[in-house]
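Student: There's a structure below that I have some questions on.
The values are calculated or read from the model by the stated rules, or taken from the named source; none is laboratory data. Small disclaimer: the values here were computed from a predicted structure and weren't measured. So basically every Cβ, Gly included, is an ideal-geometry build from the backbone, and we count neighbours across all protein chains shown. SASA here: full protein model, heavy atoms, side chains in, ligands and nucleic acids out. Shrake-Rupley method; radii C 1.70, N 1.55, O 1.52, S 1.80 Å.
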Amino acid sequence: MGKTGAEIIMEALRKEKVEAVFGYPGGAVIDIFDMLFNSDINFYLVRHEQGAAHAADGYARATGKVGVCLATSGPGATNLVTGLATAYMDSIPMVALCGQVPTSMIGNDAFQEADITGITRPVTKHNYLVKNVDELPQVIKEAFYIASSGRPGPVLIDLPKDIQKAVTKVPYPDTIKMRSYQPTYEGHIKQVEKLAQAIKKAKRPVIYAGGGMLISGAHKELLELVDKTNIPVTTTLLGLGCFPETHPLSLKMLGMHGSQFANYAVMETDLLISIGARFDDRVTGKIDEFAPNAKIAHIDIDPSAISKNLTVHIPVVGDAKDVLQKLNKIVEPGDTAEWCETIRKWKEQYPLAYKDDADIIKPQYVVEKIYEVTGGDAIISTEVGQNQMWAAQFFKYTHPRQFLSSGGLGTMGYGFPAAIGAQVAFPDKLVFDIAGDGSFQMNIQELATAVCHELPVKVAILNNGYLGMVRQWQELFYSKRYSGTCLLKEKGCIHNCDEKSCGSTLIPDFVKVAEGYSAVGMRIFKKQDVVPALEEAIKTKRTVVMDFVVAKEENVFPMVPAGASLRQMLSGIS
Amino acid sequence: MKHTVSVLVENKSGVLARVAGLFSGRGFNIDSLTVGETQDPSMSRMTIVVNGDDAVLEQVNKQLNKLIDVVKVQDFKTASFVEAELVVMKLHSNSKTRSEIVQIADIFHGKILDVTDKNIIIEATGTTDKVDSLINLLRPYGIKEMARTGKVALAKG
Ligand SMILES: Cc1ncc(C[n+]2csc(CCOP(=O)(O)OP(=O)(O)O)c2C)c(N)n1
Ligand SMILES: [Mg+2]
């Protein structure tokens, strides 16, 4: 007795302990959907395939497990592309299944045919087109293994319709070994020793931790290292939560919108220890002037991340957890007392701050209140733009996998479906999407998904009426020429409008949109209503959209202009 | 700087596209790329000549290694290796030039594949340098068409 391709897929999902699949049907996957009908695997019907990919990504980031999405051939598959690229840039384990026209028709420009393995090759860790059902069990096994091991990433499997129907006797493998793919987990002890010696000697060391720390699950080891050595820690956007920001040695985030004290520390450090981070240009600014006085140590599981953007003096290839465990066994503290004192003073002198207002709601204020009202115990996803940076700056992240954000690709529309994915994984947790009015509209249709599946996600729109981050660049670097960034611009609007001349039409009326989807909608104009609104939103078990009408032209500071050295920070408020 | 890289890959469809895509996507320059089956039919060997400094070569190496279907990458920066490539050339020739061309080809252990009253087709193999010299010597006679395979290489020893 054999099994059909579709049955093999179901068996694989069960054996890989997949509990949730996010997807959208179509002719080329109807056989798989037929299997899902009576399955114990929870299927979440999204309203756009991009939403499925981001939801699978959010699920994966929140849990560390492989996120799974499913789409039909052609347009269904191409709609996944942004989600795959988002996951790829941030090393998120994902398996995307998509239908394809029957093998006999591939290459014929058949109805809903797209060369999806060709299209997604540069944005997946690996992909497969299955042309023989006997290969299917091995392919799915490999896909889950590749997605979740080494430096994780999305893997796509293209499944022609006839393969889903064809029968095979090949069983689903229990274990896997690939001659061409064997990631290195163990850090070389010689390199770890070198790093330990450098730490002993360093006077002004800094740890710069990225998303790899969370993937590796090495936060306990990091805390132990810091306790042993008194080295301050700054994180990237993706690293938020890998080290408690309430810790006296936390420098919060570095880079373009990082804290002043983090950026000062990096400019002054004599030993920069990068762990699972990749020296992205949003982090380093002008690379030639990044950490100019430092020896650079780099721990990373991906050898190609090392010495890609700048020369590394102490490379350690391996999994962060393994390397830190080895390091913690032998490390001895250097004399960092004076350095820690300098940092303490910087933190006092240059705190992350904003000019509050008595009436108008400042977006930063909303984020601070979300932190306070939730007691910091919430999963926060973000959209992209100013909202994302304020969410990073004004919430204190203390737990790994608490912060979900598209860092590498910067995908507007990521946050809401990602929040849905996280809520699926943790039905009892508070999940907030801190959103921009622009970004939220990119996947606003997923309100239906949230409502239908009774997912009580809370969307907090920081509604400034602008594509705020782009507007900020235009204000600072393009003489305030707000070209294409006003979301309320109507046909009759004049150039260089001011708030007085601006019409009062809400485009859209987010409250009505929410209500149109049977979610709860709230609009908050006044500062004193922020906390009550948040409290009410948390109390209800329904999907809530909070439209916080905030200061329109608020800017994100500090800011290092693109391509400038981290020294050239604009502090904004003086 | 030119570097020769030898890459053992799984003999699967799409592998060539992955390697080519890697080079174009990351802005590496390929001088030549050859691919063919090895003694083990489940694996192919690609020989790639890339142009770039040491940092580029290091990234090429690492990025190739990152491809799932790549089994082994060997760069011949330090190891000594043997290399060969094949060229086939169609030249103008008439009764006056024919014997000169044949003589030059002989020196390079070339073979005459075809002769007509107007053309002659020559085949030669050797290192890239040697093939280059042959081409230079024959260019004055007028090369009508030419095909080079690109280099294949194996480590010595
Ligand atoms: C899909 C996509 N398109 C365009 C951009 C460029 N972009 C970056 S931030 C931004 C503005 C975002 O506006 P909004 O969501 O309202 O957030 P705000 O900055 O106002 O908080 C834009 C257009 C992007 N990051 N992603
Ligand atoms: Mg906005």
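Student: Mind checking which aspartates and glutamates have their C-alpha under 18 Å from B:Lys156, skipping anything on the same chain fewer than 8 residues away?
Tutor: Excluding near neighbours in sequence, the set is B:Asp75, B:Glu83, B:Glu85.
Student: Solvent-accessible area of A:Arg14, probe 1.4 Å, all protein chains present, reported in Å² to the nearest ten, please.
Tutor: 120 Å²
Student: At 0.36 nm per residue, minus the direct Cα-Cα distance, what do A:Cys486 and A:Phe426 gain on full extension? Give it in nm, one decimal, please.
Tutor: Here the answer is 18.0 nm.
Student: Within segment A:198-221, whose backbone N sits under 11 Å from a point 7 Å along Cα→Cβ of A:Glu338?
Tutor: A:203-204
Student: Limiting things to C-alpha atoms, what are the Rg and the maximum Cα-Cα separation (Dmax) for the protein assembly as shown, in angstroms?
Tutor: That works out to 29.3, 101 Å for Rg and Dmax.
Student: Straight distance only, please: which lysines reach the Cα of A:Lys321 with their own Cα at less than 20 Å, same-chain residues fewer than 8 apart left out?
Tutor: A:Lys65, A:Lys190, A:Lys194, A:Lys220, A:Lys228, A:Lys329
Student: I've got another one for you. Can you give the accessible area buried between chains B and A, summed over both chains, with a 1.4 Å probe, in Å² to the nearest 100?
Tutor: 1400 Å²
Student: Taking chain B as a Gaussian network, where each spring joins two C-alpha atoms under 10 Å apart, which residue of B:Leu137, B:Leu57, B:Leu91 fluctuates the most?
Tutor: B:Leu137
Student: Out of the chymotrypsin sites (Phe, Trp or Tyr not before Pro) in segment A:14-118, which ones are loop residues according to DSSP with at most 14 other C-beta atoms within 10 Å?
Tutor: Loop-located and lightly packed - A:Phe37, A:Phe111.
Student: Of B:Val50, B:Val35, B:Val102, which is the most mobile in a GNM of chain B whose springs link Cα atoms less than 10 angstrom apart?
Tutor: Maximum among the listed residues: B:Val102.
Student: Place a point 7 Å from Cα of A:Trp473 in the direction of its Cβ. Which residues in segment A:225-247 have their backbone N less than 19 Å from it?
Tutor: Output list for this probe position: A:237.
Student: Next up: Of A:Lys362/A:Lys500; A:Lys203/A:Lys355; A:Lys362/A:Lys539; B:Lys62/B:Lys151; A:Lys362/A:Lys512, which ones are farther than 28 Å apart at the Cα?
Tutor: A:Lys203/A:Lys355
Student: Need the C-alpha centroid separation for segment A:270-329 versus segment B:71-109, integer Å.
Tutor: Their Cα centres are 46 Å away from one another.
Student: Once the other residues with Cβ under 14 Å from the Cβ of A:Val530 are scored (Lys, Arg +1; Asp, Glu -1), what is the net sum?
Tutor: Net of charged neighbours comes to -3.
Student: Under a plain spin-label model, where a point goes 7 Å from the Cα along Cα-to-Cβ, how far apart in nm are A:Ser104 and A:Ile494?
Tutor: Inter-label distance under the simple model: 6.9 nm.
Student: Could you please state how large a percent of the accessible area of segment B:2-75 is carbon and sulfur, counting protein chains only and using a 1.4 Å probe?
Tutor: Using a 1.4 Å probe with all protein chains present, segment B:2-75 comes out at 49 percent carbon and sulfur.
Student: Then there is this: Quick one: length gained pulling A:Asn309 to A:Cys452 fully straight, 0.36 nm per residue minus the C-alpha distance?
Tutor: Working it through step by step, the gained length comes to 46.9 nm.
Student: Moving to a separate point now. B:Asn94 versus A:Ser501, label points 7 Å from Cα toward the beta carbon: distance in nm?
Tutor: For B:Asn94 paired with A:Ser501, the spin-label model returns 8.0 nm.
Student: Net charge around A:Glu268, counting only other residues with Cβ within less than 15 Å of its Cβ (Lys, Arg = +1; Asp, Glu = -1)?
Tutor: Here the count lands on +3.
Student: Would you please name the GluC sites (Glu not before Pro) within segment A:172-270 that are DSSP coil residues with at most 14 other C-beta atoms within 10 Å of their C-beta?
Tutor: Here the GluC sites (Glu not before Pro) that fit, given the DSSP loop and packing criteria, are A:Glu186.
Student: Moving to a separate point now. Report the gain in length on full extension from A:Val170 to A:Glu11: 0.36 nm times residue separation, minus Cα-Cα distance, nm rounded to one decimal.
Tutor: Full extension of this stretch gives 56.0 nm more.
Student: Another question, if that's okay. At a probe size of 1.4 Å, how large is the accessible area of A:His453, to the nearest 10 Å²?
Tutor: 60 Å²
Student: Across 10 Å bins from the origin, how do the percents of Cα pairs in segment B:54-157 run, short distances first?
Tutor: It works out to 13, 36, 22, 17, 11, 1, in whole percents.
Student: Would you mind telling me which residue in B:Gly21, B:Gly126, B:Gly110 has the biggest mean-square fluctuation in a Gaussian network model of chain B, where springs connect alpha carbons within a distance under 10 angstrom?
Tutor: B:Gly21
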